[in-house]
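Please read the structure below before turning to the comments.
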Amino acid sequence: RNMLRGTVQDITERKIAEETARKFAILESKSKEMEQFAYIASHDLREPLLTIKNYVELFSDEYKEKLDEESAEYLHRITRAAVRMDELMRGLLDYSRLSKIKELQKVDCNDVVNQVIADLNSLISNSHAKITVDHLPVLMAYPLEIKQLFQNLLTNAIKFRKQGVEPEIRISAQKLKGVWTFKIADNGIGIRPVDSEKIFGLFQRLHNRNEYPGSGIGLAYCKKIVELHHGSIWVESTPGAGSSFYFTIIT
Ligand code: ADP
């Protein structure tokens, strides 16, 4: 009887494993499809867009004298919209290319963060941001992607500062249950709990572009990078007091 029970259990386990594998395969093919779609959308649609941009430019140049102020302003707006759309598409194109990943390398996060701080030099000094970096680990990761991750999170921490308050940002890492958890804490405007998942979606923004510039791709990009490293990313925040972005790297 015991043997029979063993067999039944084996079959059940095998069925569950098969079902899981099947679901995984579907998910994987769906995500490939999505990526393909994002790639085509961003790559192929850029071309006609650039044609529009070029012709508007040509038109404005050639008919400069004949245009009244209002029509010139209309053309200017068309160009601005086309430039913006081009930016969004380039963002989407980068995003869709992200999963074509290379080899894991030894990455010293201290060096990466120092490099990012150097690259953001003018943003940092213009905003009088004070950035504290604790000792960070060396781990196996995708170096360019990790740099982009820190860069996006640090840029946001500075960008979403409170008016009249100098940004104070702390970057730290802690090993919790064998997993490195990174933290980027700011004293900015904060995020309401209801928005804390939404912001990681593609093109999701909480503000008008006139208030804070941006395209809403940054955090979706961060999420994808973290997931490539088998980790997760989340935010804890008190609106009006600041946000802490966390991510894990499991390689
Ligand atoms: P973008 O910065 O281009 O708007 P992101 O995807 O980087 O796009 O961020 C999405 C939204 O999340 C932002 O528009 C903003 O509303 C919110 N957000 C991101 N980082 C922070 C932060 N450090 N503090 C407050 N809000 C933030």
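Simple spin-label estimate for Val194 and Leu27 gives 2.9 nm between the two label positions (7 Å along the Cα-to-Cβ direction from each Cα).
For Gln204, the shell of other residues with beta-carbons less than 12 Å away shows a net charge of +1, using +1 for Lys and Arg and -1 for Asp and Glu. The overall shape of the chain, judged from the alpha-carbon gyration tensor, is oblate: a/c is not under 1.5, and a/b is no greater than b/c.
The stretch between Lys106 and Arg84, if pulled fully straight at 0.36 nm per residue, gains 4.2 nm over its current Cα-Cα span. Charging the Cβ of each Asp and Glu at -1 and of each Lys and Arg at +1, and nothing else, the dipole of segment 131-199 about its Cα centre rounds to 100 debye.
In the chain, with Lys and Arg counted as +1 and Asp and Glu as -1 at Cβ, which of these residues, Ile78, Thr12, Ile225, has the Cα nearest the positive end of the dipole, that is, farthest along it? Sorting the options by dipole projection puts first Thr12. Cross-link check: pairs Lys175/Lys223; Lys23/Lys147; Lys23/Lys102 evaluated at a Cα-Cα cut-off of 29 Å; pairs beyond the cut-off: Lys23/Lys147. Adding -39500 (n - 2.57) for every DSSP H run of four residues or longer, then dividing by how many residues the chain holds, sets the calculated 222 nm ellipticity at -18500 deg cm²/dmol.
Relative contact order for the chain: what percent, with Cα pairs under 8 Å and sequence separation of 6 or more? It rounds to 15 percent for the chain.
Quick note: the coordinates plus some simple rules give every number you see, no bench work behind them. The structure displayed is predicted, hence computed values, not measured ones. Positions of Cβ are backbone-derived with ideal geometry, glycine not excepted, and every protein chain shown enters the neighbour counts.
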